[in-house]
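Data block below; observations after.
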Number of protein chains: 2
Amino acid sequence: MTCAEEYTPQLRARGYRMTPQRLAILHILHHNGGHLSPVEVFDAARRELPGLTEATVYRTLEFLAENHLARPALNGNGHIAYEIARHEHHHLICRRCGNEMEVEHAILKSMYARLESESGYRLTDRHLTFFGLCPDCQKGEL
Amino acid sequence: MTCAEEYTPQLRARGYRMTPQRLAILHILHHNGGHLSPVEVFDAARRELPGLTEATVYRTLEFLAENHLARPALNGNGHIAYEIARHEHHHLICRRCGNEMEVEHAILKSMYARLESESGYRLTDRHLTFFGLCPDCQKGEL
DNA sequence: CTCCTTATTGCAACTTTTTGCAATTGCCTA
DNA sequence: TAGGCAATTGCAAAAAGTTGCAATAAGGAG
């Protein structure tokens, strides 16, 4: 299935349009797999679609995040990067070497339920990024 | 106890210096209590200390965060804001009305321990912000 | 109290991100 | 298949954030 076939119906269903700009950006995110900063997305997408502007990239990334086709996350330097939306997960980043691993959302489920009942809020989404020292860097620290 | 008396020893103990710039910024954060964006800190601190520059504000806020005198957190619009370091807590923000409540870190303790044992990482810090609908906005949604 | 080291700041140029508005263009309807 | 409405984009200017480097100044030593 192509990106167009996969994502167009999802946008239409919500009353939005598929455009060459959105498609190029989705394509970049989809095939890269990992996190990309807005600037990285801009550079890559512009190669597919010359004439694309930064403003459009920033607006599109935010738009895709709102519509759950992309997810924003903080990277090690405290800036926001985006990745294509797959399964729910969060990130654990090593403060020393920058190595990154995924944290399944499942581990947070019970905490989540408790937070909802204690606060009265209905939780919808979150920005979670964990920092620490990976096993290798802990050794080097002794 | 004045801000100077409170914070100067903490910096000295780590081998850093107290300066009028740092003191002004700490003073702003301390007396405001809540989150302030870098621009808000700049505007306020500059009133106490004309001649202060943006570059210094950005560098100082990052410096204070590294040294645990201030804490960074994502606010509702996805940008980083800072508050004076008090007890460990996180934030739960209503997507509709913007209302904000604090989430005690204690609620995360067991999830934290599990995350450490499963990942092998030693956790040091994190950026956690939760979003949802507050009780009032849930009513309005029916 | 003065000197000296080096942490810290200001400056200025630069990059990144945001915003309003007019022009464009998806895509629904007939 | 053409027409029209509203979503979306590009443009250009502004705002926010970053960086390297030379000048300044905090605070320990003599």
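Based on what the data block shows, is B:Thr129 touching a Lys or Arg at 6+ places or on another chain (Cβ under 7 Å), open to solvent by less than 20 Å² (accessible area, probe 1.4 Å) and not in a helix (DSSP H, G or I)?
Answer is yes for this residue.
Identify, from the list A:Ala106, A:Ala81, A:Ala85, the residue that is touching a helix residue (DSSP H, G or I) at 6+ places or on another chain (Cβ under 9 Å) and farther than 27 Å from B:Tyr82 by Cβ.
A:Ala85
In segment A:11-43, which residues are of a type in the set (S, T, N, Q) and away from DNA strand C (no atom under 11 Å from the Cβ)?
Residue satisfying the conditions is A:Asn32 alone.
If I ask for residues that are among the aliphatic types (A, V, I, L, M) and over 19 Å from B:Glu6 (Cβ atoms), which ones from segment B:20-43 would you list?
Answer for segment B:20-43, where residues must be among the aliphatic types (A, V, I, L, M) and over 19 Å from B:Glu6 (Cβ atoms): just B:Val39.
Take the conditions under 18 Å from the mean Cα position of the chain (by Cα) and at pLDDT 95 or above and apply them to B:Leu74. Does it pass?
Answer is no for this residue.
Taking helices (runs of 4 or more DSSP H) that do not extend beyond segment A:33-124, which have at least 3 residues that are exposed (fewer than 15 other Cβ atoms within 10 Å of the Cβ) and assigned by TED's automatic domain parsing to the domain that holds A:Gln10?
By residue number, A:38-48, A:54-66.
The values are calculated or read from the model by the stated rules, or taken from the named source; none is laboratory data. Quantities reported herein were computed from a predicted structural model and do not represent experimental measurements. Quick reminder, even Gly has a Cβ in these numbers, built from the backbone with ideal geometry, and neighbours come from all protein chains shown. Keep in mind that these areas ignore ligands, DNA and RNA; they rest on the heavy atoms of the full protein, side chains included. Shrake-Rupley method; radii C 1.70, N 1.55, O 1.52, S 1.80 Å.
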